[in-house]
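What follows is a single structure, written as structure tokens, with notes after it.
Where a number appears in this text, it was derived from the coordinates with a stated rule and is not lab data. Keep in mind that what you see is a predicted model, and the values were worked out from it rather than measured. Cβ placement follows ideal geometry from the backbone for every residue including glycine, while neighbour counts extend to all protein chains displayed.
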Amino acid sequence: QIHFILLFSRQGKLRLQKWYTTLPDKEKKKIIREIVQIILSRHQKTSSFVDWKDLKLVYKRYASLYFCCAIEDQDNELLTLEVVHRYVELLDRYFGNVCELDIIFNFEKAYFILDEFIIGGEVQETSKKSAVKAIEDSDMLQETVEEYMNKPAF
Amino acid sequence: MPAPIRLRELIRTIRTARTQAEEREMIQKECAAIRSSFREEDNTYRCRNVAKLLYMHMLGYPAHFGQLRICRVLLGQECSCSDDCRCLFLCVQVLCVHTDWVFFFVLFYSDLNHSTQYVQGLALCTLGCMGSSEMCRDLAGEVEKLLKTSNSYLRKKAALCAVHVIRKVPELMEMFLPATKNLLNEKNHGVLHTSVVLLTEMCERSPDMLAHFRKVSLVPQLVRILKNLIMSGYSPEHDVSGISDPFLQVRILRLLRILGRNDDDSSEAMNDILAQVATNTETSKNVGNAILYETVLTIMDIKSESGLRVLAINILGRFLLNNDKNIRYVALTSLLKTVQTDHNAVQRHRSTIVDCLKDLDVSIKRRAMELSFALVNGNNVRGMMKELLYFLDSCEPEFKADCASGIFLAAEKYAPSKRWHIDTIMRVLTTAGSYVRDDAVPNLIQLITNSVEMHAYTVQRLYKAILGDYSQQPLVQVASWCIGEYGDLLVSGQCEEEEPIQVTEDEVLDILESVLISNMSASVTRGYALTAIMKLSTRFTCTVNRIKKVVSIYGSSIDVELQQRAVEYNALFKKYDHMRPALLERMPVMEKVTTNGPTEIVQTNGETEPAVLETKPPPSALPPAGQANDLLDLLGGSDITPVIPTAPTSKPAFAGGELLDLLGDLNLTGSPVSAPAPQIAQPPFLLDGLPAQPLFNDIAAGIPSITAYNKNGLKIDFTFERSNTNPSVTVITIQASNSTEQDMTDFVFQAAVPKTFQLQLLSPSSSVIPAFNSGTITQVIKVLNPQKQQLRMRIKLTYNHKGSAMQDLAEVNNFPPQSWQ
């Protein structure tokens, strides 16, 4: 099970946080600070896995964004790398050549996409097409309403 | 009231802030705007406001004031379209961790029955990510219903929701069982994947479920699905670098692992498919390696045939040579898991593993180090030690303590010669001296005393080592102790192993005094040094006066420990000078508590101090009066060493011949024992050959336990263990429990066995058996049965219960044959 997913920039600014375990806010902030520090200080030539407390951190950098997942001891690290990659692919398909700015300005969409891909720390949909289609369909519902109400929702 | 600004606007504005303070100001302004907008109860912009709240929360600002409003919104009306809902549900997940979930109970209930599948999906998603146990309990029924729906979009979400429910409220697992019957018949990969996750969760949590799924032929079903995935052609929807749906493949492999563990039939059913996956998967990309990794883990964990295991280890070997660090990391982790069971196969890759010690990556180094220690054996110890010592030199401080301990352990087990052993210890002490663990010092000292012929060499090397630098505490402690013991050898230049150095008594005292004075010395170290100086007073001839002076100075030391020692030593000089030589003479060789060899950890009476072994009390001394008398009654003899559970045993507890009339009338099949000589001089057989460390355990499992005694609420169970290396030894663990309403106190368990056996009782865990079966007393009995005769035992139980003393005798005859054959 994935415990949490963090996206942050090279300067350590948080772009997305998704938690699949319940923790108090203060605890979360502490964890984020700690992990961002650990990962940003990693040498380039090291592996993508870090032992942290009783979890394993799997991280990968895409352009200027770090994607970090925390998984349990018995989970497959290599597969988690694929999960991260798949998420990036979904974002890419949705936004078209996604970059960090897309995620900054459309963070709620990034969450929606993540929620169509992972629930409760487990992958729910392995087909790229289906996941993106689900988002686009619900987007369309929203657009219809927006048109009707003659104003943008956001 | 102007329309609240759009989310994108807000984001853009915030990004222009140049300082933290500026940003905070903007946020506060916006919060105020949102608050007034909420107050106006205008629903047109609520979506926008909620989204902005989310954003502010992500930046780290408190946004909880919106919670209540959101609750009311969600409760108040059904969401007619999904735009509000998505944001609102997201808010629920992000913001409302600690709110009273009662609010949402009603909401979710209504939403899970909502017409739009997207809203239902959102509800399932939120429940599945964050549902508390109360929510899960209340809504489990709804989730179960949706698990059976034909809508695959909802079905897959319901499956993961069920997983979450089970994690939070494991008792509800049963209710999802019927729905799982048809889950794997789906074609939709999303549903398949989430179903496998659900089945995995159920099997991991409940052995009953596991048995159930094995019975309903889940394994063949999974094998079929996996086969289809591999054999089917290119499917663009699920393809990742030429592999069809790797996520599903890996999850199936993991479920297969759980099903095949410890189960021959299931393991056999999956042998073929595992071989197929292992040989046919592309390894050029990470995806393929992820699948291979999972396959290897599965092969190693189930009861696979040896050919398959070799295949798996070879895959790991190939991984080790891969340039990709991630792959190497994963290989090392898996090898660590399998090194116990497939030791020889892993040995083949030893040199690659040792190379990984030089890697840059910390995690890889750690795993390589652990593996290296697991691979050290008598043949490769010299080479491995060289590498490990080099590693100790250059590794990060966080490793040094573990590495040092590991080296000591390995050196102790496999040292090819005493000199090599001492040299290795010296090397560790000098390189990583300050990282050596405190408990290593006494062990090292014991080791040194045992290598009698190396004393001179050792003390000389230690002396040279601290001459230059006495800052590393463990090194100095060991050195001080040795110099104190063997100082005479040092000054007399008796060393054979290497060129003896010329040292005068004064020079030795110089160095010890420097240690005493130095600011770097810890208090403990100073204690060692002072005692060493004192001991030298009997070993040195010309410097006794100097020693006297030093000792008397520390009589007024601020350090209480030192002061006490100095005062006592002073007294030794003044009043008890006649006793001094005897008191300070050379220590006897301490009998080793841990014997050489990987399978033996010795336990004497549940203690492991060498002191216990040194003295054997005369037979007529010790026994606590009442106990001994009872035993003697039991045993019928008068000049036997009674079995006193806590007596030191460098002799067997029973002398042979004079035993029991009591037991004499037990019908012993087999050879009559004709007045055997009392086996008093037998070496402590029970003290060796008894594996107790699980790592090297080869104890035969599966001997049925028996209830030896069950009367008046007192029940005593025997469980058995036997060693493959020493088949005449049976270890019996007794567990005494009390089902009455009052505790049994002062419980004493005694046992006697026929002549051909020998018995040793270790200390019991306590002497009180609590009432209502709320706790037990455990005690270990070791029985030596060299003639493999049928085990019989007479036991005597004494205890206090309900104010009166109780006593009972019983015979135990129902030992299972596996415990003595």
**Study point:** q = 0.20, 0.27, 0.31, 0.32 Å⁻¹: log10 I(q)/I(0) that the Debye formula gives for the stretch B:160-205, counting C-alpha atoms only
**Key:** -0.58, -1.00, -1.22, -1.27
Check your understanding: Other chains near A:39-49: what is the mean number of their Cβ atoms within 10 Å of each residue's Cβ?
Key -> 4
Point to revise | Efficiency of FRET from Cβ geometry, B:LYS574 and B:VAL310, R₀ 60 Å, rounded to 0.05 | key: 0.20
Practice item. Give the calculated FRET efficiency between A:ASN97 and B:SER284 to the nearest 0.05, with a Förster radius of 22 Å applied to their Cβ-Cβ distance. Key: 0.25
Point to revise | Potential extension, B:LYS711-B:GLN564 segment - 0.36 nm per residue separation minus Cα distance | key: 47.3 nm
**Study point:** In the stretch B:435-474, trypsin sites (Lys or Arg not before Pro) in a DSSP loop with at most 16 other beta-carbon atoms within 10 Å
**Key:** B:ARG437
**Study point:** Spin-label pair B:ARG318/B:ARG586, simplified geometry with 7 Å Cα→Cβ offset, distance in nm
**Key:** 6.2
Point to revise | Kirkwood Rh and Cα Rg combined as Rg/Rh, the stretch A:2-149 | key: 0.98
Revision key, fill the gap. Magnitude of the Cβ-charge dipole (Lys and Arg +1, Asp and Glu -1) of the stretch A:2-149 about the Cα centre, nearest 20 debye, reported as 920
Check your understanding: B:SER241 label point, 7 Å along Cα→Cβ, cut-off 19 Å on backbone N: hits in the stretch A:95-137?
Key -> A:126-128
Check your understanding: Sorted by packing (mean other beta-carbon atoms within 10 Å per residue), highest first, where do B:221-228, B:441-448, B:12-19 land?
Key -> B:441-448, B:221-228, B:12-19
Check your understanding: Per-residue mean of other chain beta-carbon atoms within 10 angstrom of the beta-carbon, peptide B:356-367?
Key -> 3
Practice item. Could you tell me which GluC sites (Glu not before Pro) in the stretch B:423-516 are loop residues by DSSP with no more than 13 other beta carbons within 10 angstrom of their beta carbon? Key: B:GLU496, B:GLU498
Check your understanding: Lysine pairs, Cα distance under 18 Å, 8 or more residues apart or cross-chain: how many in the stretch B:438-584?
Key -> 8
Practice item. For B:LYS337, go through the lysines and keep the ones whose alpha-carbon is under 17 Å away, minus same-chain ones fewer than eight residues off. Key: A:LYS56, B:LYS303, B:LYS365
Check your understanding: Between B:VAL544 and B:ALA17, what is the spin-label point distance in nm, taking each point 7 Å from the Cα along the Cα→C-beta axis?
Key -> 8.3
Review point. Considering every residue in A:72-81, what mean count of other chain Cβ atoms within 10 Å of its Cβ is obtained?
Key: 6
Review point. Dividing the alpha-carbon radius of gyration of the stretch B:450-490 by 2.2 N^0.38 Å (N being the number of residues), what value is obtained?
Key: 1.07
Point to revise | At most 16 other Cβ within 10 Å, DSSP loop - trypsin sites (Lys or Arg not before Pro), the stretch A:1-94 | key: A:ARG10, A:LYS13, A:LYS45, A:LYS53
Point to revise | Sorted by Cβ neighbour density within 10 Å, fewest at the top, the residues B:VAL524, B:VAL478 | key: B:VAL524, B:VAL478
